[in-house]
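K.L.:
Attaching a single structure in structure tokens format; questions to follow.
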Amino acid sequence: MIDILREAGPVFLGSRLKRLAERMQAEAAIAIADADLPCQPGHMALLAALARGPQSVSQLVAAVGTSQPGVTRAVGQMAQLGLVDTVTGRDQRRRLVSLTPDGEAAHAAAVTEVWPRIGGAVEALLASVPGDFLTTVEQIEDALTERSLLDRARPPRKTALRLREYSDDLAQAFHDINAEWISAMFVLEPVDREVLENPREKIIDAGGTILFVEADGLGVVGTCALKPTGGGGYELTKMGVLESARGLGAGAFLLAAAIARAQRMGADPLYLLTNQTCAAAIHLYEKLGFHHDAGIMADYGTRYARCDVAMRYNPAAPA
């Protein structure tokens with residue numbers, strides 16, 4: 001019998017690993033069903049992560065190493081099964097996913113009845129294969145983290161990005177782009193809703209500006225605002241890029257444009273408020289000249305419940 005994936009060698013490695021994973025998960029699903037658990041194999045890692053305590057979706061993404069949409073979808077499935085519940089954290093900054101009593105019972109059953117049997121079977125399988133397969137998998141994962149397969153295959157495709165100014169027909173895009181990332185990581189606060197639902201009144205008519213970035217074939221994918229806060233100061237706020245457009249450089253493009261616009265407007269200080277959870281964004285801010293600033297935190301940090309990082313633009317200051 002012809003096996004195209006085997007014959008093709010490394011070019012179909014991803015498809016071959018997926019086929020292997022699907023075969024193993026299908027058989028694991030039978031073992032899970034035999035234990036009378038309502039879970040699917042894709043829920044097991046989330047059960048293990050949540051057994052350590054309530055976590056945000058972003059924390060679960062980091063824990064299991066899969067995409068945010070995939071984790072969000074799995075959490076929704078588990079919620080329908082009554083295994084998890086989503087609550088607001090004690091500090092009101094983030095939405096947390098936690099196990100329900102049924103979820104805790106499912107985890108306990110998995111630990112005692114399912115994982116030992118499946119783990120033992122996999123260990124026996126790997127013992128029959130030369131070499132250390134798990135170490136090899138870890139090395140491949142680390143190598144892909146360091147440099148993606150796409151980057152290894154060819155230079156990244158350049159996607160044309162264009163700057164767009166605010167117009168009332170883009171008000172919904174301003175709302176939706178920001179609501180997506182804020183709701184995924186935190187909780188929409190009243191101050192968020194006030195601005196997102198009234199961008200012209202709260203930003204444009206007040207003397208600020210809202211910029212958008214548009215990508216070829218994708219339309220408007222990101223936005224950022226410069227909101228006047230008195231005395232010549234401007235807050236760089238409501239900056240977000242759609243999850244589906246990450247990796248195009250839209251965030252850096254938009255931030256550079258917003259900084260240039262703020263300089264032409266004479267913004268002093270130009271500052272931003274964020275949360276340490278947004279590590280990638282903070283790294284970008286630092287790269288383009290923002291520095292952590294205790295004075296900004298003292299003056300403006302209480303504006304958002306989730307704020308625990310305040311930064312001021314000062315490219316001349318030492319990094």
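The values are calculated or read from the model by the stated rules, or taken from the named source; none is laboratory data. Owing to the predicted nature of the structure, the values given are computational and were not obtained by experimental measurement. With ideal geometry, Cβ positions are generated from the backbone for all residues, glycine too; neighbour counts draw on all protein chains shown. For accessibility, only protein heavy atoms count, side chains too; no ligands or nucleic acids. Shrake-Rupley method; radii C 1.70, N 1.55, O 1.52, S 1.80 Å.
K.L.:
Given a 10 angstrom Cα cut-off, can you work out which residue in 14, 76, 301 is the most mobile in a GNM of the chain?
P.N.:
Most flexible of the set in this elastic network: 14.
K.L.:
Another question, then. Quick one: Karplus J couplings for region 104-121, per residue in order, coefficients 6.51, -1.76, 1.60, θ = phi - 60°, nearest Hz, x for Gly and Pro?
P.N.:
Each residue's phi maps through the Karplus curve to give 5, 5, 5, 5, 4, 5, 5, 5, 8, 10, 9, 4, x, 5, 5, x, x, 5 Hz.
K.L.:
If you roll a 1.4 Å probe over the heavy atoms of the protein chains, what accessible area per residue do you get for region 111-200, in Å²?
P.N.:
Accessible surface, normalised per residue, equals 68 Å².
K.L.:
A follow-up question, please. What shape does the chain have by the C-alpha gyration tensor, where a ≥ b ≥ c are the square roots of the eigenvalues, rounded means a/c under 1.5, and otherwise prolate means a/b greater than b/c and oblate the rest?
P.N.:
prolate
K.L.:
Expressed as a rounded percentage, what relative contact order does region 213-307 have, with Cα pairs under 8 Å and six or more residues apart?
P.N.:
24
K.L.:
Pick out, in residue order, every one of the trypsin sites (Lys or Arg not before Pro) in region 165-221 that is DSSP loop and has at most 10 other C-beta atoms within 10 Å; say none if there are none.
P.N.:
Hits after loop and neighbour filter: nothing returned.
K.L.:
In whole Hz, what ³J(HN,Hα) sequence does region 229-234 give by Karplus (6.51, -1.76, 1.60; θ = phi - 60°), x for Gly and Pro?
P.N.:
Going residue by residue, I get 10, x, x, x, x, 9 Hz, with x marking Gly and Pro.
K.L.:
Could you tell me the distance between the Cα centroids of region 1-57 and region 241-319, to the nearest Å?
P.N.:
Comparing the Cα centres of region 1-57 and region 241-319, I get a distance of 39 Å.
K.L.:
Rounded to the nearest percent, how much of the accessible area of region 161-262 (1.4 Å probe, protein heavy atoms only) is carbon and sulfur? Please list the in-between numbers first.
P.N.:
Numbers: 2000 of 3920 Å².
Answer for region 161-262 is 51 percent, counting heavy atoms of protein chains only.
K.L.:
Provide the FRET efficiency to the nearest 0.05 for the residue 308-residue 117 pair, computing r from the beta carbons and using R0 = 30 Å.
P.N.:
0.10
K.L.:
Please list, in chain and number order, the residues 5+ apart from residue 229 or on another chain whose amide H is under 5 Å from its amide H, with Hs placed from the backbone.
P.N.:
Excluding prolines and chain starts, which carry no amide H, the hits are 234, 235.
K.L.:
What size of dipole, in debye to the nearest 20, comes out for the chain about its Cα centre when the only charges are +1 on Lys and Arg C-beta atoms and -1 on Asp and Glu C-beta atoms?
P.N.:
780
K.L.:
Moving on to the next point. Could you tell me which of 83, 62, 112 has its Cα farthest along the dipole of region 33-115 towards the positive end, charges placed at Cβ (Lys, Arg +1; Asp, Glu -1), taken about the Cα centre?
P.N.:
Selected residue: 62.
K.L.:
Residue by residue, what Karplus-based ³J(HN,Hα) values in Hz, rounded to whole numbers, does region 167-176 have, using 6.51, -1.76 and 1.60 with θ = phi - 60° and x for Gly and Pro?
P.N.:
9, 4, 6, 9, 4, 5, 5, 4, 5, 5
K.L.:
Starting from the amide H of residue 84, placed 1.01 Å from N in the peptide plane, find each other amide H under 5 Å away whose residue is 5 or more places distant or on another chain.
P.N.:
Excluding prolines and chain starts, which carry no amide H, the hits are 79, 100.
K.L.:
Can you give me the % of accessible surface on region 49-139 that is carbon or sulfur? Probe 1.4 Å, all protein chains present, nothing else counted.
P.N.:
Within region 49-139, the accessible surface is 55 percent carbon and sulfur.
K.L.:
Next question. For region 1-130, give the magnitude of the charge dipole about the Cα centre (Cβ charges: +1 Lys/Arg, -1 Asp/Glu; no others), in debye to the nearest 20. Mind showing how you got there, number by number?
P.N.:
On the way: 12 positive and 12 negative charges, 119 e Å.
So the dipole magnitude of region 1-130 works out to roughly 560 debye.
K.L.:
Still on this structure, I have one more. Taking a ≥ b ≥ c as the square roots of the Cα gyration tensor eigenvalues, with a/c under 1.5 meaning rounded and otherwise prolate when a/b beats b/c, else oblate, which class fits region 248-319?
P.N.:
oblate
K.L.:
Here's another thing I want to ask about it. Counting other C-beta atoms within 10 Å, and keeping those with at most 13, which DSSP coil trypsin sites (Lys or Arg not before Pro) do you find in region 1-77?
P.N.:
Details: sites: 6, 16, 18, 19, 23, 52, 73; in loops: 52.
Listed in order of number, the matching sites are 52.
K.L.:
Would you be so kind as to identify which of 272, 170, 213 lies farthest towards the positive end of the dipole of the chain, taking Lys and Arg as +1 and Asp and Glu as -1 on Cβ and the Cα centre as origin?
P.N.:
The one lying farthest along the dipole's positive direction is 213.
K.L.:
Same structure again: Calculated from DSSP H runs of 4 or more alone, at -39500 (n - 2.57) each and per residue, what is the 222 nm mean residue ellipticity of the chain, nearest 500?
P.N.:
Taking each H run of at least 4 residues, the total per residue is -14500 deg cm²/dmol.
K.L.:
A follow-up question, please. Determine the gain in length on full extension of the stretch residue 263-residue 169; use 0.36 nm per residue of separation and subtract their C-alpha separation, reporting nm with one decimal.
P.N.:
The residue 263-residue 169 span can extend by a further 31.2 nm.
K.L.:
Obtain the nm distance between the two label points defined at residue 68 and residue 100 by a simple spin-label model: each point lies 7 Å from its Cα along the Cα-to-C-beta direction.
P.N.:
Roughly 2.6 nm, to one decimal.
K.L.:
Only four residue types carry charge here, +1 at the Cβ of Lys and Arg and -1 at the Cβ of Asp and Glu. Report the dipole size of region 153-205 about the Cα centre in Debye, rounded to the nearest 20.
P.N.:
680
K.L.:
Considering only 305, 258, 241, whose Cα is most displaced toward the positive end of the charge dipole of region 162-319, charges sitting on Cβ of Lys, Arg (+1) and Asp, Glu (-1)?
P.N.:
The residue sitting most towards the positive pole is 258.
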